[in-house]
Structure formats: C-alpha cells, structure tokens
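Colleague: Take this structure, written in structure tokens, and hold onto it; I'll ask about it next.
The values are calculated or read from the model by the stated rules, or taken from the named source; none is laboratory data. Here the structure is a predicted model, which is why all the values come from computation and not from measurement. Positions of Cβ are generated from backbone atoms using ideal geometry, with glycine treated the same way; all protein chains shown enter the neighbour counts. Please note that ligands, DNA and RNA were not included when accessible areas were found on the heavy atoms of the full protein model with its side chains. Shrake-Rupley method; radii C 1.70, N 1.55, O 1.52, S 1.80 Å.
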2 protein chains.
Amino acid sequence: MSYFRPLALEHASRLINHGPTLLVTSAFGARRNVMAAAWSMPVEFTPPRIAIVIDKRTLTRELMTASGAFGICLPGSAAVNLTYAVGSVSGREQDKFERYGIASITSPMLGVPLIETDCAAWMECRLIREPHTEEAYDTCFGEVLAAAADTRVFADGRWRFDDSNTELHTIHHLGGGSFVRSSNPISAEPL
Amino acid sequence: MSYFRPLALEHASRLINHGPTLLVTSAFGARRNVMAAAWSMPVEFTPPRIAIVIDKRTLTRELMTASGAFGICLPGSAAVNLTYAVGSVSGREQDKFERYGIASITSPMLGVPLIETDCAAWMECRLIREPHTEEAYDTCFGEVLAAAADTRVFADGRWRFDDSNTELHTIHHLGGGSFVRSSNPISAEPL
C-alpha cells in the first residue's frame, strides 16, 4: 500500500524549498536512468517551476533533453546509501534500476520513472528549453506538471518532520557522502 | 573576537550544497539592504558560481543590479527570528540594518555589507548579468570572489554540525516561518 497522494501544484515548491538532495529520473526509448543531484531550487510558485544543475556529460542530461521530461524524487534518510550510490556511478555502463533493485512507477503525465520506496515525495517536470543556461551553467529549468508526497511526512501543503517518520526525513548533502537530515524543527518568532 | 576565517574558493560551493536559507546583502550609493532567500544553489565548483532567485520588484534586486555585487550570509539557528523578519519587510521603507540593530562588516573585494553575528559563513559575489533568466525566472547568477566561515562550524573545507555549535547550525525554510536545522548527521555506506 502506498501512502503517496497527489499534491496541489501550488504547494509543489515547498517540496524543495528547504534544499534537499534529490534523485533525478529520466527515460527515452528503451533507456532509463536515475542520478543524485544536490543543486536545485524552486524559481516560481505558480506555475511551479524549478531549476536544477545536471552536468551536460551525463546520461540523464541526454535522456531528459531527448524526451523533454524528467522526474524528481526526494529520498528519505532510509535511501541515503542508494542516493550516494546512484550519484557515484554512470548509467551509461549499467541500468541503475536493475543494479540496485530499485522499484519504479511510471509518472501519470509524462511517463518518466519515479521512485516511491524510501522516498518522501516526487514531481514530474517538463523541461523548459533554455539552451544558454544549459550550456553555460548546466542549469536546466523545468515546470512541475504533477507532484505527490507520502502523507506520513507531507500533508495539507506542509512538511511534518518528527520522531514518527525519521526514515522519510529529507537528506541534505554536505559533500563526500556526509549528509544532514531535516530535523530539529524551529519556528521563527516575530521581532 | 571573530571566529571567521577565509575559505579556499574551491570549497565555497560546500557552503550552500545542503540548501540552507540565506541572507542576501546589497548596497549602492547611500543605500543598503538585507533580505532572506530560500531559493539558491551552486552551479559550478571552479570558478565557484551560484544561482539565486531574487524577485525583480525587491530593493535588493535594484541595488545588486546597480552595483554589480551582492553578499550571501548563512544565518545560524540563533538568527532564525532575524532571518524571518528581514524576509518579511521591505528595505524600501526602512534601513533594516538600523531597524534590527544588525552589525555589519564591509566585504574585502566588492564592498558589500556582510553579517557575521549569529551567522555561520559568508560569500561575496559579482553579479554575472544574465538578462533573460533574470527577467523570466528572477534567477540571478553570481561568481564567488571571496568567502569565509566560522571555524567553529566549518573548517578544512567541511561542515561539522554537532552539539557544540547548535547556534550556528544552518536553517532551512519549510514555509510560513517553520525551519529545520542542519543536524542529525548521517554518512552514506557503499552499496
């Protein structure tokens, strides 16, 4: 049974507002891939748009350019080893879904592979072609067409990180395989 | 006494690799400003370059465009109230440094104001003009010319978040004044 439920698109930016490390999924023809990406951000609330850095030498970049689509999955802390693994090897040599036994679903709108197991949320995105920034900064823009989240950790447009869902806390890469987890909530008080 | 020490530029991207919420500082002529920004990312290691979303209607955008420079400060959890406050009011109506009693230094290369109190690190950036992405996505690119970090939390190119420096743990905005803190380190194991 899946705890994933569709998300109102107006809340999609909140999924990555706090800077989690992501998995990027892509497919074209018979090929598919998944890689890790630490460099991403929302750029617009409505329509929900994001920017993400994908090295131009990667298979992911090749597949997303060919298909015009990519998927974003938010690994929970239970997927930290997988995240680091798929970020360290190239999909050109092997199908990483097969190698690591990753279960995937097919996204409803664009048909990209998406991962729900040990993940907190996903988005499927249409690539907005921006040849200059893609070339100069490896920065790709995308529009989020659909999103879903595990209701145990994100519901009613809000993250709820607590002791009941530590496996789904998002992870934030510090470098070299070291991560911190989204935890220790704190609320700002008016000054 | 300041614990801030200059950072090797090759390590600058690590300051924001994990997605912290930032303070953006700017100045031109007699005016200066500070605002909060949750949407940023590195885009290149060497030279260190970043992208950050700054709404085109803000005073910050006006000042950074006029001066060609901006500062990035990483608020620690001790600065969470200040971060939310400067993200909620406009500098057009008042000097936020004065209103909130914020001490600042002047950056060594570009002369932008920078905040060290209750902050974990800073960077000073030259704005790389990209009129199309600035207009279409409010996305501004910058090159980091100098950076420094509080050695109690970042040294030898690495973050060290532990119980000894909780006040300097970076903060990550979930929305509506709720933040998580960079904590609960976890290391990926090979699969």
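Colleague: Anything in the range A:17-46 that is in contact (Cβ under 8 Å) with a residue 60 or more places away in the chain, facing chain B (nearest Cβ under 8 Å) and under 22 Å from residue A:130 (Cα atoms)? List them, or say none.
Modeller: Across the range A:17-46, the qualifying residues are A:38, A:43.
Colleague: For the list (1) under 20 Å from residue A:175 (Cβ atoms); (2) over 18 Å from the mean Cα position of the chain (by Cα); (3) in contact (Cβ under 8 Å) with a residue 60 or more places away in the chain, I need the number of the one condition that residue B:135 fails.
Modeller: (1)
Colleague: Looking at (1) more than 14 Å from every other protein chain (Cβ to nearest Cβ); (2) in contact with a helix residue (DSSP H, G or I) (Cβ under 6 Å, 6 or more places away or on another chain); (3) buried (at least 17 other Cβ atoms within 10 Å of the Cβ), can you tell me which one residue A:92 breaks?
Modeller: Of everything listed in (1) more than 14 Å from every other protein chain (Cβ to nearest Cβ); (2) in contact with a helix residue (DSSP H, G or I) (Cβ under 6 Å, 6 or more places away or on another chain); (3) buried (at least 17 other Cβ atoms within 10 Å of the Cβ), residue A:92 misses just condition (3).
Colleague: Taking the range A:62-89, which residues are more than 14 Å from chain B (Cβ to nearest Cβ) and open to solvent by less than 30 Å² (accessible area, probe 1.4 Å)?
Modeller: Passing the criteria: A:63, A:64, A:68, A:69, A:70, A:71, A:73.
Colleague: Tell me which residues, restricted to the range B:100-124, are under 22 Å from residue B:65 (Cβ atoms) and among the aromatic types (Phe, Trp, Tyr).
Modeller: B:122
Colleague: Now for a separate question. When residue B:83 is evaluated against the numbered criteria (1) under 13 Å from the mean Cα position of the chain (by Cα); (2) polar (S, T, N, Q); (3) modelled with pLDDT under 95, which criterion, by number, is the only one it fails?
Modeller: (3)
Colleague: If you don't mind, another one. May I ask you to verify whether residue B:80 is touching a Phe, Trp or Tyr at 6+ places or on another chain (Cβ under 7 Å), in a strand (DSSP E or B) and in contact (Cβ under 8 Å) with a residue 40 or more places away in the chain?
Modeller: Details: touching a Phe, Trp or Tyr at 6+ places or on another chain (Cβ under 7 Å): yes; in a strand (DSSP E or B): no; in contact (Cβ under 8 Å) with a residue 40 or more places away in the chain: yes.
No: the conditions fail for residue B:80.
Colleague: Note down all Cβ pairs under 8 Å where the first residue falls in the range B:47-62 and is closer than 16 Å to residue B:147 by Cα, the second is part of a loop (DSSP other than H, G, I, E, B), and they're at least six residues apart or on different chains.
Modeller: B:50/B:16
Colleague: Six or more apart or on different chains, Cβ under 8 Å: which pairs go from a residue in the range B:173-191 that's facing another protein chain (nearest Cβ under 7 Å) and closer than 25 Å to residue A:88 by Cβ to one that's exposed (fewer than 15 other Cβ atoms within 10 Å of the Cβ) and of a type outside the set (Phe, Trp, Tyr)? Could you list them?
Modeller: As it stands, the answer is B:185/B:162, since those pairs meet every condition given.
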